[in-house]
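Trainee: The structure's right below; bear with me while I get my questions together.
The values are calculated or read from the model by the stated rules, or taken from the named source; none is laboratory data. Fair warning: this is a prediction, and the values are worked out from it, not measured in the lab. Please note: Cβ atoms are built from the backbone with ideal geometry, for glycine as well, and neighbour counts cover all protein chains shown.
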Amino acid sequence: MGMEGRSVPEVDQVAPVPVGPSVQADEATSDKTAVGGRLLATLGSRHVRLFLALIWGVLLFVAFQPGLMSSDSLNMLWQGQTGEYSDWHSPFFAFLLGKAFLLTGSTWPVLALQLLGLALGPVALVGGVAGRRGLAALALLGVYWVIPSTWAVGVTLWKDVLNAVALLWAVVLLTRGRPGWAFVCLIAATLTRHNAITASMLLVPMVVARVPALMKERGRPVIAGVLLLAVLAIAPGFVERVVGAQKTWIGGALLVFDVAGVYSREPLAMEGSPLVERWKWDAAKLSSIYDTRGVSPMLWGDPARGAISPVEVLAAKEPLTREWLRVVRTYPGAYLRHRWASFVATLGLVGFSDIYYRETGAYHRQIDRNDLGLKLRTHTAVHRGLVSMRDAWPDVVARGGLWLLLAVVLAGVGWRRRARDGGLMFCVAASGVTYALAYLPVSVSAEYRFFYWTAISVFAAAALWLARPASRTA
(Lines give C-alpha, C1' and ligand atoms only; values in the text may rest on other atoms or scores of the structure.)
Protein backbone atom coordinates (compact mmCIF):
# COMPACT_ATOMS: atom_id res chain seq x y z
CA MET A 1 0.00 0.00 0.00
CA GLY A 2 1.34 3.37 -0.81
CA MET A 3 1.41 5.99 1.86
CA GLU A 4 0.08 9.45 1.08
CA GLY A 5 2.57 12.12 1.94
CA ARG A 6 1.26 14.95 4.18
CA SER A 7 2.45 18.40 3.35
CA VAL A 8 4.62 20.02 5.95
CA PRO A 9 3.54 23.65 6.67
CA GLU A 10 6.03 26.22 5.77
CA VAL A 11 7.41 28.24 8.62
CA ASP A 12 7.98 31.93 7.96
CA GLN A 13 11.49 32.78 8.67
CA VAL A 14 11.85 35.91 10.83
CA ALA A 15 14.73 38.09 9.95
CA PRO A 16 17.14 38.57 12.85
CA VAL A 17 16.79 41.93 14.65
CA PRO A 18 19.73 44.08 13.76
CA VAL A 19 21.73 45.22 16.69
CA GLY A 20 24.00 47.52 14.85
CA PRO A 21 25.07 51.13 15.58
CA SER A 22 21.91 52.75 14.08
CA VAL A 23 19.57 51.16 16.64
CA GLN A 24 21.84 52.07 19.50
CA ALA A 25 21.93 55.67 18.27
CA ASP A 26 18.10 55.77 18.19
CA GLU A 27 17.94 54.46 21.73
CA ALA A 28 20.48 57.06 22.89
CA THR A 29 18.49 59.82 21.21
CA SER A 30 15.30 58.59 22.87
CA ASP A 31 17.01 58.58 26.26
CA LYS A 32 18.32 62.09 25.75
CA THR A 33 14.85 63.27 24.73
CA ALA A 34 13.36 61.73 27.85
CA VAL A 35 16.02 63.29 30.05
CA GLY A 36 15.50 66.66 28.37
CA GLY A 37 11.76 66.39 28.83
CA ARG A 38 12.15 65.60 32.52
CA LEU A 39 14.59 68.51 32.91
CA LEU A 40 12.18 70.93 31.23
CA ALA A 41 9.33 69.61 33.34
CA THR A 42 11.38 70.15 36.47
CA LEU A 43 12.40 73.67 35.49
CA GLY A 44 8.78 74.53 34.75
CA SER A 45 7.48 73.22 38.07
CA ARG A 46 6.05 75.28 40.89
CA HIS A 47 8.64 73.98 43.38
CA VAL A 48 11.55 75.32 41.33
CA ARG A 49 9.89 78.72 41.02
CA LEU A 50 9.24 78.83 44.76
CA PHE A 51 12.80 77.77 45.59
CA LEU A 52 14.37 80.36 43.31
CA ALA A 53 12.06 83.10 44.61
CA LEU A 54 13.07 82.38 48.19
CA ILE A 55 16.76 82.36 47.26
CA TRP A 56 16.24 85.73 45.54
CA GLY A 57 14.60 87.19 48.62
CA VAL A 58 17.26 85.84 50.99
CA LEU A 59 20.12 87.21 48.89
CA LEU A 60 18.54 90.64 48.78
CA PHE A 61 17.93 90.58 52.52
CA VAL A 62 21.51 89.57 53.26
CA ALA A 63 22.90 92.21 50.91
CA PHE A 64 20.79 95.19 51.98
CA GLN A 65 19.53 94.65 55.51
CA PRO A 66 18.37 96.57 57.50
CA GLY A 67 17.03 98.25 54.34
CA LEU A 68 18.03 101.35 52.41
CA MET A 69 16.62 104.52 53.95
CA SER A 70 16.25 108.05 52.65
CA SER A 71 15.67 111.12 54.79
CA ASP A 72 11.93 110.54 54.37
CA SER A 73 12.33 106.98 55.68
CA LEU A 74 14.31 108.18 58.69
CA ASN A 75 11.76 110.87 59.40
CA MET A 76 8.97 108.29 59.41
CA LEU A 77 11.08 106.06 61.66
CA TRP A 78 11.47 108.94 64.11
CA GLN A 79 7.72 109.56 64.05
CA GLY A 80 7.05 105.89 64.73
CA GLN A 81 9.50 105.85 67.63
CA THR A 82 8.16 108.96 69.30
CA GLY A 83 4.51 108.64 68.37
CA GLU A 84 4.54 112.20 67.03
CA TYR A 85 3.02 111.75 63.59
CA SER A 86 2.36 114.27 60.84
CA ASP A 87 0.15 114.17 57.77
CA TRP A 88 3.16 114.79 55.50
CA HIS A 89 4.00 111.08 55.67
CA SER A 90 1.98 107.93 56.24
CA PRO A 91 1.35 107.38 59.99
CA PHE A 92 0.63 103.74 59.15
CA PHE A 93 4.05 103.11 57.64
CA ALA A 94 5.74 105.24 60.30
CA PHE A 95 4.06 103.09 62.96
CA LEU A 96 5.41 99.90 61.36
CA LEU A 97 8.94 101.29 61.17
CA GLY A 98 8.87 102.61 64.71
CA LYS A 99 7.50 99.44 66.31
CA ALA A 100 9.94 97.26 64.36
CA PHE A 101 12.80 99.35 65.68
CA LEU A 102 11.51 99.33 69.24
CA LEU A 103 11.16 95.53 69.18
CA THR A 104 14.42 94.62 67.44
CA GLY A 105 16.62 97.73 67.55
CA SER A 106 16.60 97.74 63.76
CA THR A 107 14.30 98.04 60.74
CA TRP A 108 15.07 94.63 59.23
CA PRO A 109 11.57 93.23 59.99
CA VAL A 110 10.01 95.74 57.59
CA LEU A 111 12.59 94.87 54.93
CA ALA A 112 11.86 91.18 55.46
CA LEU A 113 8.12 91.84 55.07
CA GLN A 114 8.64 93.75 51.84
CA LEU A 115 10.96 91.16 50.31
CA LEU A 116 8.80 88.21 51.35
CA GLY A 117 5.78 89.82 49.75
CA LEU A 118 7.67 90.68 46.57
CA ALA A 119 9.24 87.23 46.34
CA LEU A 120 6.16 85.08 46.89
CA GLY A 121 3.49 87.24 45.25
CA PRO A 122 4.28 86.61 41.57
CA VAL A 123 4.97 82.91 42.26
CA ALA A 124 1.54 82.60 43.84
CA LEU A 125 -0.09 84.34 40.87
CA VAL A 126 1.29 81.98 38.23
CA GLY A 127 0.09 79.11 40.40
CA GLY A 128 0.82 75.54 39.43
CA VAL A 129 1.20 75.97 35.67
CA ALA A 130 3.55 73.40 34.17
CA GLY A 131 4.97 72.34 30.83
CA ARG A 132 5.62 75.04 28.30
CA ARG A 133 3.47 77.47 30.24
CA GLY A 134 5.51 76.69 33.32
CA LEU A 135 8.71 77.50 31.44
CA ALA A 136 7.18 80.77 30.26
CA ALA A 137 6.29 81.55 33.87
CA LEU A 138 9.87 80.83 34.91
CA ALA A 139 11.14 83.15 32.17
CA LEU A 140 8.80 85.91 33.34
CA LEU A 141 9.94 85.49 36.92
CA GLY A 142 13.55 85.45 35.74
CA VAL A 143 13.11 88.93 34.28
CA TYR A 144 11.36 90.01 37.48
CA TRP A 145 14.24 88.74 39.61
CA VAL A 146 17.06 90.16 37.50
CA ILE A 147 15.86 93.59 36.43
CA PRO A 148 16.73 96.24 39.05
CA SER A 149 13.41 98.02 38.48
CA THR A 150 11.94 95.56 40.99
CA TRP A 151 14.59 94.66 43.54
CA ALA A 152 16.69 97.85 43.65
CA VAL A 153 13.61 99.75 44.83
CA GLY A 154 12.18 96.85 46.82
CA VAL A 155 15.11 96.92 49.25
CA THR A 156 14.35 100.54 50.20
CA LEU A 157 12.09 101.24 53.16
CA TRP A 158 9.63 103.42 51.33
CA LYS A 159 5.87 103.69 51.57
CA ASP A 160 5.80 103.25 47.78
CA VAL A 161 7.19 99.74 48.18
CA LEU A 162 4.80 98.71 50.95
CA ASN A 163 1.96 100.11 48.83
CA ALA A 164 2.96 97.85 45.94
CA VAL A 165 3.34 94.81 48.22
CA ALA A 166 -0.13 95.34 49.70
CA LEU A 167 -1.70 95.73 46.25
CA LEU A 168 0.14 92.69 44.93
CA TRP A 169 -1.18 90.53 47.75
CA ALA A 170 -4.67 91.90 47.28
CA VAL A 171 -4.48 90.45 43.77
CA VAL A 172 -3.11 87.15 45.08
CA LEU A 173 -5.94 86.86 47.61
CA LEU A 174 -8.49 87.65 44.92
CA THR A 175 -7.22 84.72 42.88
CA ARG A 176 -7.60 82.53 45.98
CA GLY A 177 -11.21 83.58 46.55
CA ARG A 178 -10.47 85.62 49.69
CA PRO A 179 -12.23 88.95 49.02
CA GLY A 180 -12.32 89.99 52.67
CA TRP A 181 -8.59 89.70 53.18
CA ALA A 182 -8.01 91.23 49.74
CA PHE A 183 -9.94 94.31 50.87
CA VAL A 184 -7.83 94.47 54.04
CA CYS A 185 -4.78 94.65 51.78
CA LEU A 186 -6.43 97.42 49.76
CA ILE A 187 -6.99 99.39 52.96
CA ALA A 188 -3.34 98.88 53.93
CA ALA A 189 -2.26 100.05 50.47
CA THR A 190 -4.46 103.13 50.68
CA LEU A 191 -2.97 104.05 54.05
CA THR A 192 0.56 104.20 52.64
CA ARG A 193 0.20 107.18 50.28
CA HIS A 194 -2.16 110.12 49.88
CA ASN A 195 -2.95 109.15 46.27
CA ALA A 196 -2.87 105.36 46.69
CA ILE A 197 -6.64 105.11 46.36
CA THR A 198 -6.21 105.69 42.62
CA ALA A 199 -4.67 102.22 42.45
CA SER A 200 -6.88 100.49 45.02
CA MET A 201 -10.18 101.63 43.53
CA LEU A 202 -9.71 99.59 40.31
CA LEU A 203 -9.58 96.37 42.35
CA VAL A 204 -12.74 97.07 44.37
CA PRO A 205 -15.06 95.62 41.67
CA MET A 206 -13.05 92.39 41.82
CA VAL A 207 -13.62 92.23 45.59
CA VAL A 208 -17.36 92.70 45.13
CA ALA A 209 -17.54 90.13 42.32
CA ARG A 210 -16.13 87.45 44.61
CA VAL A 211 -18.88 87.79 47.22
CA PRO A 212 -21.80 85.68 45.89
CA ALA A 213 -24.36 87.35 48.14
CA LEU A 214 -23.60 90.72 46.54
CA MET A 215 -24.11 89.43 43.01
CA LYS A 216 -27.66 88.12 43.40
CA GLU A 217 -29.35 91.42 42.55
CA ARG A 218 -28.37 94.03 40.00
CA GLY A 219 -28.12 96.96 42.39
CA ARG A 220 -26.14 95.27 45.13
CA PRO A 221 -22.71 95.29 43.43
CA VAL A 222 -22.98 99.03 42.76
CA ILE A 223 -24.01 99.86 46.33
CA ALA A 224 -21.32 97.60 47.79
CA GLY A 225 -18.66 99.08 45.51
CA VAL A 226 -19.57 102.63 46.50
CA LEU A 227 -19.47 101.73 50.20
CA LEU A 228 -16.08 100.04 49.88
CA LEU A 229 -14.70 103.03 47.99
CA ALA A 230 -16.00 105.29 50.76
CA VAL A 231 -14.13 103.18 53.33
CA LEU A 232 -10.92 103.53 51.33
CA ALA A 233 -11.45 107.28 50.97
CA ILE A 234 -11.97 108.00 54.66
CA ALA A 235 -9.43 105.49 56.05
CA PRO A 236 -6.29 107.72 55.80
CA GLY A 237 -7.96 110.72 57.43
CA PHE A 238 -9.47 108.52 60.14
CA VAL A 239 -6.06 107.08 61.02
CA GLU A 240 -4.51 110.56 61.10
CA ARG A 241 -7.18 111.74 63.53
CA VAL A 242 -6.80 108.67 65.74
CA VAL A 243 -3.02 109.17 66.11
CA GLY A 244 -3.33 112.95 66.38
CA ALA A 245 -1.18 113.64 63.32
CA GLN A 246 0.13 117.19 63.09
CA LYS A 247 -1.26 119.18 60.17
CA THR A 248 1.59 120.21 57.87
CA TRP A 249 -0.42 120.79 54.66
CA ILE A 250 1.46 118.67 52.16
CA GLY A 251 -0.81 120.11 49.48
CA GLY A 252 1.02 123.39 49.89
CA ALA A 253 4.06 121.91 48.17
CA LEU A 254 1.93 121.23 45.10
CA LEU A 255 0.41 124.71 45.07
CA VAL A 256 3.71 126.56 45.42
CA PHE A 257 5.21 124.36 42.68
CA ASP A 258 2.30 125.13 40.35
CA VAL A 259 2.38 128.88 41.04
CA ALA A 260 6.12 129.01 40.35
CA GLY A 261 5.57 127.02 37.16
CA VAL A 262 3.04 129.56 35.92
CA TYR A 263 5.27 132.48 36.91
CA SER A 264 8.19 131.01 34.98
CA ARG A 265 6.07 130.72 31.83
CA GLU A 266 4.09 133.95 32.25
CA PRO A 267 6.26 136.55 34.04
CA LEU A 268 3.36 139.01 33.91
CA ALA A 269 1.54 136.80 36.42
CA MET A 270 4.03 137.92 39.08
CA GLU A 271 2.75 141.51 39.00
CA GLY A 272 0.77 142.24 42.13
CA SER A 273 1.33 138.76 43.54
CA PRO A 274 1.28 138.66 47.35
CA LEU A 275 3.70 135.73 47.26
CA VAL A 276 6.33 137.66 45.33
CA GLU A 277 6.26 140.40 47.95
CA ARG A 278 6.07 137.95 50.86
CA TRP A 279 8.96 135.75 49.78
CA LYS A 280 11.02 138.43 47.99
CA TRP A 281 10.91 136.62 44.69
CA ASP A 282 11.93 138.02 41.33
CA ALA A 283 12.46 136.53 37.90
CA ALA A 284 16.13 135.77 38.57
CA LYS A 285 15.51 134.00 41.88
CA LEU A 286 12.60 132.05 40.43
CA SER A 287 14.65 130.79 37.51
CA SER A 288 17.32 129.52 39.92
CA ILE A 289 14.96 127.51 42.14
CA TYR A 290 12.24 126.36 39.74
CA ASP A 291 12.87 122.99 38.07
CA THR A 292 10.21 120.98 36.25
CA ARG A 293 11.69 117.81 37.79
CA GLY A 294 10.64 118.73 41.29
CA VAL A 295 9.85 121.12 44.08
CA SER A 296 12.87 120.22 46.23
CA PRO A 297 15.03 123.22 45.22
CA MET A 298 12.17 125.50 46.23
CA LEU A 299 11.47 123.96 49.66
CA TRP A 300 14.84 122.60 50.71
CA GLY A 301 17.25 124.70 48.68
CA ASP A 302 19.34 127.77 49.45
CA PRO A 303 17.28 130.58 51.05
CA ALA A 304 19.69 133.12 49.60
CA ARG A 305 18.56 132.06 46.14
CA GLY A 306 14.86 132.33 46.99
CA ALA A 307 14.08 128.95 48.53
CA ILE A 308 11.41 128.81 51.21
CA SER A 309 10.58 126.24 53.88
CA PRO A 310 7.47 124.06 54.41
CA VAL A 311 6.81 126.11 57.55
CA GLU A 312 6.64 129.27 55.46
CA VAL A 313 4.32 127.55 53.01
CA LEU A 314 1.98 126.55 55.83
CA ALA A 315 2.01 130.07 57.23
CA ALA A 316 0.98 131.40 53.81
CA LYS A 317 -1.84 128.89 53.32
CA GLU A 318 -4.63 131.36 52.60
CA PRO A 319 -2.77 133.76 50.25
CA LEU A 320 -1.11 130.83 48.49
CA THR A 321 -4.46 129.13 47.90
CA ARG A 322 -5.98 132.35 46.53
CA GLU A 323 -2.97 132.95 44.30
CA TRP A 324 -3.08 129.41 42.96
CA LEU A 325 -6.75 129.81 42.04
CA ARG A 326 -5.99 133.15 40.39
CA VAL A 327 -3.12 131.99 38.20
CA VAL A 328 -4.92 128.80 37.16
CA ARG A 329 -8.01 130.75 36.09
CA THR A 330 -6.08 133.59 34.46
CA TYR A 331 -3.32 131.57 32.81
CA PRO A 332 -4.76 128.09 32.17
CA GLY A 333 -2.43 127.49 29.24
CA ALA A 334 0.68 128.17 31.30
CA TYR A 335 -0.65 125.97 34.10
CA LEU A 336 -1.33 123.06 31.74
CA ARG A 337 2.10 123.39 30.12
CA HIS A 338 3.70 123.35 33.55
CA ARG A 339 1.70 120.28 34.61
CA TRP A 340 2.51 118.42 31.41
CA ALA A 341 6.22 119.26 31.62
CA SER A 342 6.32 118.06 35.23
CA PHE A 343 4.49 114.83 34.39
CA VAL A 344 6.75 114.09 31.41
CA ALA A 345 9.77 114.64 33.66
CA THR A 346 8.26 112.37 36.32
CA LEU A 347 7.79 109.67 33.68
CA GLY A 348 11.48 110.01 32.84
CA LEU A 349 10.81 110.93 29.22
CA VAL A 350 13.35 113.75 29.27
CA GLY A 351 16.97 114.13 30.30
CA PHE A 352 18.38 111.03 28.62
CA SER A 353 21.77 112.69 28.34
CA ASP A 354 22.17 113.93 31.91
CA ILE A 355 22.80 112.01 35.11
CA TYR A 356 19.77 113.08 37.14
CA TYR A 357 17.80 109.87 36.69
CA ARG A 358 20.81 107.65 37.24
CA GLU A 359 22.00 109.57 40.30
CA THR A 360 18.73 110.70 41.89
CA GLY A 361 15.57 109.76 40.05
CA ALA A 362 16.05 106.02 39.70
CA TYR A 363 17.16 104.38 42.96
CA HIS A 364 18.18 105.26 46.48
CA ARG A 365 21.63 103.82 47.12
CA GLN A 366 22.35 104.11 50.83
CA ILE A 367 21.13 104.61 54.36
CA ASP A 368 21.22 108.34 54.92
CA ARG A 369 23.18 109.70 57.87
CA ASN A 370 21.54 108.87 61.17
CA ASP A 371 22.36 108.55 64.87
CA LEU A 372 20.60 105.21 65.30
CA GLY A 373 23.49 103.02 64.23
CA LEU A 374 21.74 101.90 61.05
CA LYS A 375 24.41 101.00 58.50
CA LEU A 376 24.83 98.79 55.45
CA ARG A 377 27.33 95.97 55.24
CA THR A 378 28.83 97.18 51.98
CA HIS A 379 31.90 94.97 52.18
CA THR A 380 30.13 91.68 51.43
CA ALA A 381 30.48 90.02 48.06
CA VAL A 382 26.69 89.72 47.72
CA HIS A 383 26.21 93.45 48.24
CA ARG A 384 28.99 94.43 45.85
CA GLY A 385 27.74 92.02 43.20
CA LEU A 386 24.16 93.27 43.33
CA VAL A 387 25.27 96.90 43.30
CA SER A 388 27.41 96.21 40.23
CA MET A 389 24.44 94.51 38.55
CA ARG A 390 22.19 97.46 39.37
CA ASP A 391 24.63 100.04 38.03
CA ALA A 392 25.29 98.03 34.85
CA TRP A 393 21.67 98.28 33.71
CA PRO A 394 20.64 101.30 31.63
CA ASP A 395 18.49 103.70 33.63
CA VAL A 396 15.67 103.41 31.06
CA VAL A 397 14.34 100.46 33.07
CA ALA A 398 13.87 102.82 36.02
CA ARG A 399 11.74 105.34 34.17
CA GLY A 400 8.01 105.30 34.70
CA GLY A 401 7.13 105.88 31.06
CA LEU A 402 8.29 102.40 30.06
CA TRP A 403 6.14 100.70 32.66
CA LEU A 404 3.12 102.87 31.94
CA LEU A 405 3.31 101.83 28.29
CA LEU A 406 3.57 98.14 29.18
CA ALA A 407 0.68 98.44 31.63
CA VAL A 408 -1.49 100.04 28.92
CA VAL A 409 -0.69 97.17 26.54
CA LEU A 410 -1.52 94.53 29.14
CA ALA A 411 -4.72 96.34 30.07
CA GLY A 412 -5.73 96.06 26.42
CA VAL A 413 -4.97 92.33 26.43
CA GLY A 414 -6.86 91.93 29.70
CA TRP A 415 -9.88 93.73 28.31
CA ARG A 416 -10.05 91.35 25.34
CA ARG A 417 -9.91 88.26 27.59
CA ARG A 418 -12.12 89.63 30.36
CA ALA A 419 -14.74 86.95 29.70
CA ARG A 420 -12.21 84.27 30.66
CA ASP A 421 -11.05 85.60 34.02
CA GLY A 422 -13.84 87.98 34.96
CA GLY A 423 -11.71 91.02 34.14
CA LEU A 424 -9.06 90.50 36.83
CA MET A 425 -6.08 90.87 34.50
CA PHE A 426 -7.58 94.04 33.06
CA CYS A 427 -8.26 95.54 36.49
CA VAL A 428 -4.72 94.80 37.70
CA ALA A 429 -3.06 96.41 34.67
CA ALA A 430 -5.56 99.28 34.67
CA SER A 431 -4.78 99.85 38.35
CA GLY A 432 -1.15 100.43 37.39
CA VAL A 433 -2.22 102.77 34.59
CA THR A 434 -4.54 104.92 36.72
CA TYR A 435 -1.98 105.09 39.51
CA ALA A 436 0.59 106.45 37.06
CA LEU A 437 -1.79 108.86 35.33
CA ALA A 438 -2.92 110.23 38.69
CA TYR A 439 0.44 111.96 38.96
CA LEU A 440 -0.39 114.23 36.02
CA PRO A 441 -2.16 116.86 38.20
CA VAL A 442 -0.11 116.33 41.39
CA SER A 443 3.47 115.35 40.54
CA VAL A 444 6.08 117.38 42.41
CA SER A 445 9.16 115.17 42.04
CA ALA A 446 10.60 113.15 39.15
CA GLU A 447 11.34 109.81 40.79
CA TYR A 448 10.78 106.28 39.55
CA ARG A 449 9.56 105.05 42.93
CA PHE A 450 6.24 106.79 42.33
CA PHE A 451 5.62 104.30 39.52
CA TYR A 452 6.70 101.24 41.45
CA TRP A 453 3.21 99.76 41.62
CA THR A 454 2.83 100.38 37.88
CA ALA A 455 5.94 98.25 37.28
CA ILE A 456 4.80 95.52 39.69
CA SER A 457 1.32 95.53 38.13
CA VAL A 458 2.91 94.73 34.76
CA PHE A 459 4.43 91.53 36.15
CA ALA A 460 1.26 90.70 38.10
CA ALA A 461 -0.93 91.09 35.00
CA ALA A 462 1.51 89.06 32.89
CA ALA A 463 1.47 86.31 35.53
CA LEU A 464 -2.33 86.23 35.42
CA TRP A 465 -2.14 85.99 31.65
CA LEU A 466 0.02 82.88 31.93
CA ALA A 467 -2.10 81.35 34.67
CA ARG A 468 -5.13 80.80 32.50
CA PRO A 469 -8.34 79.34 33.94
CA ALA A 470 -8.22 75.60 34.58
CA SER A 471 -10.78 74.92 31.83
CA ARG A 472 -8.29 75.93 29.20
CA THR A 473 -5.50 73.62 28.19
CA ALA A 474 -2.00 74.64 29.07
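Trainee: So Ala196 fits all but one of (1) under 27 Å from the mean Cα position of the chain (by Cα); (2) small (Gly, Ala, Ser); (3) surrounded by fewer than 18 Cβ atoms within 10 Å (Cβ to Cβ); what number is the exception?
Mentor: Ala196 satisfies every listed condition except (3).
Trainee: Among the residues of the stretch 347-379, how many are of a type in the set (Gly, Ala, Ser), surrounded by 12 or more Cβ atoms within 10 Å (Cβ to Cβ) and more than 24 Å from Leu97 (Cα to Cα)?
Mentor: So the count comes out to 2.
Trainee: If you check Arg193 against the conditions, is it among the charged types (D, E, K, R) and assigned to a loop (DSSP other than H, G, I, E, B)? Talk me through it step by step, then tell me what you get.
Mentor: On the way: among the charged types (D, E, K, R): yes; assigned to a loop (DSSP other than H, G, I, E, B): yes.
For Arg193, the condition - among the charged types (D, E, K, R) and assigned to a loop (DSSP other than H, G, I, E, B) - is met.
Trainee: Next question. Return the only residue of Arg384, Arg339, Arg369 being of a type in the set (Lys, Arg) and farther than 24 Å from Trp88 by Cα.
Mentor: On the way: Arg339 fails: farther than 24 Å from Trp88 by Cα; Arg369 fails: farther than 24 Å from Trp88 by Cα.
Of Arg384, Arg339, Arg369, the one residue that is of a type in the set (Lys, Arg) and farther than 24 Å from Trp88 by Cα is Arg384.
Trainee: Taking the stated definitions as given, is Phe426 of a type outside the set (Gly, Ala, Ser) and touching a residue at least 40 places away in the same chain (Cβ under 8 Å)?
Mentor: It is false that Phe426 is of a type outside the set (Gly, Ala, Ser) and touching a residue at least 40 places away in the same chain (Cβ under 8 Å).
Trainee: Another question, then. For Ser86, which of the numbered conditions (1) over 20 Å from the mean Cα position of the chain (by Cα); (2) at positive phi fails to hold?
Mentor: Single failed check for Ser86: (2).
Trainee: Please work out if Pro297 is touching a strand residue (DSSP E or B) at 6+ places or on another chain (Cβ under 6 Å) and either surrounded by fewer than 21 Cβ atoms within 10 Å (Cβ to Cβ) or at pLDDT 95 or above (or both).
Mentor: Values: touching a strand residue (DSSP E or B) at 6+ places or on another chain (Cβ under 6 Å): yes; either surrounded by fewer than 21 Cβ atoms within 10 Å (Cβ to Cβ) or at pLDDT 95 or above (or both): yes.
The answer is yes for Pro297.
Here's the yes/no breakdown for (1) modelled with pLDDT under 95; (2) outside the structural domain of Ala392 (by TED's automatic domain parsing):
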residue	(1), (2)
Ala341	no, yes
Thr360	yes, yes
Gly373	yes, no
His379	yes, no
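Trainee: Residues that are over 27 Å from Ser70 (Cα atoms), at least 1 per element: which helices (runs of 4 or more DSSP H) completely within the stretch 308-361 meet that?
Mentor: Qualifying helices (runs of 4 or more DSSP H): 317-330, 332-346.
Trainee: Restricting attention to the stretch 227-274, which residues are assigned to a loop (DSSP other than H, G, I, E, B), more than 19 Å from Ile289 (Cβ to Cβ) and among the acidic types (Asp, Glu)?
Mentor: Glu271
Trainee: Which one is surrounded by the fewest Cβ atoms within 10 Å (Cβ to Cβ), of the residues in the stretch 380-395 that are touching a helix residue (DSSP H, G or I) at 6+ places or on another chain (Cβ under 6 Å) and part of a helix (DSSP H, G or I)?
Mentor: In the first step, residues of the stretch 380-395 are kept if they are touching a helix residue (DSSP H, G or I) at 6+ places or on another chain (Cβ under 6 Å); the result is 382-383, 386, 390, 393, 395.
The next check asks that each one be part of a helix (DSSP H, G or I); those that pass are 382-383, 386, 390, 395.
Details: Val382: 15, His383: 18, Leu386: 20, Arg390: 18, Asp395: 21.
That would be Val382.
Every residue, every condition in (1) more than 15 Å from Phe343 (Cα to Cα); (2) assigned by TED's automatic domain parsing to the domain that holds Val259; (3) surrounded by fewer than 24 Cβ atoms within 10 Å (Cβ to Cβ), yes or no:
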residue: Val408; (1), (2), (3): yes, no, yes
residue: Trp415; (1), (2), (3): yes, no, yes
residue: Arg418; (1), (2), (3): yes, no, yes
residue: Tyr435; (1), (2), (3): no, no, no
residue: Leu440; (1), (2), (3): no, no, yes
residue: Val444; (1), (2), (3): no, no, yes
residue: Trp453; (1), (2), (3): yes, no, no
residue: Ile456; (1), (2), (3): yes, no, no
residue: Trp465; (1), (2), (3): yes, no, yes
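Trainee: Also, I was wondering about something else. If Val242 satisfies all but one of (1) assigned by TED's automatic domain parsing to the domain that holds Pro91; (2) closer than 30 Å to Leu404 by Cα, what's the number of the condition it fails?
Mentor: (2)
Trainee: Follow-up question, since we're still on this one. Please find, among Val276, Val313, Val243, the residue that is of a type in the set (Val, Ile, Thr) and under 18 Å from Ser445 (Cβ atoms).
Mentor: One residue alone meets the criteria, Val313.
Trainee: Separate question: Select, from Arg176, Arg210, Arg220, the only residue that is in contact with a Gly (Cβ under 9 Å, 6 or more places away or on another chain), basic (Lys, Arg) and in the same structural domain as Leu96 (by TED's automatic domain parsing).
Mentor: From the options Arg176, Arg210, Arg220, the qualifying one is Arg210.
Trainee: While we're looking at this one, here's another question. Surrounded by 15 or more Cβ atoms within 10 Å (Cβ to Cβ), touching a residue at least 24 places away in the same chain (Cβ under 8 Å) and basic (Lys, Arg): does that describe Arg326? I'd like the intermediate steps shown before the answer.
Mentor: Values: surrounded by 15 or more Cβ atoms within 10 Å (Cβ to Cβ): yes; touching a residue at least 24 places away in the same chain (Cβ under 8 Å): no; basic (Lys, Arg): yes.
So Arg326 does not fit the description; no.
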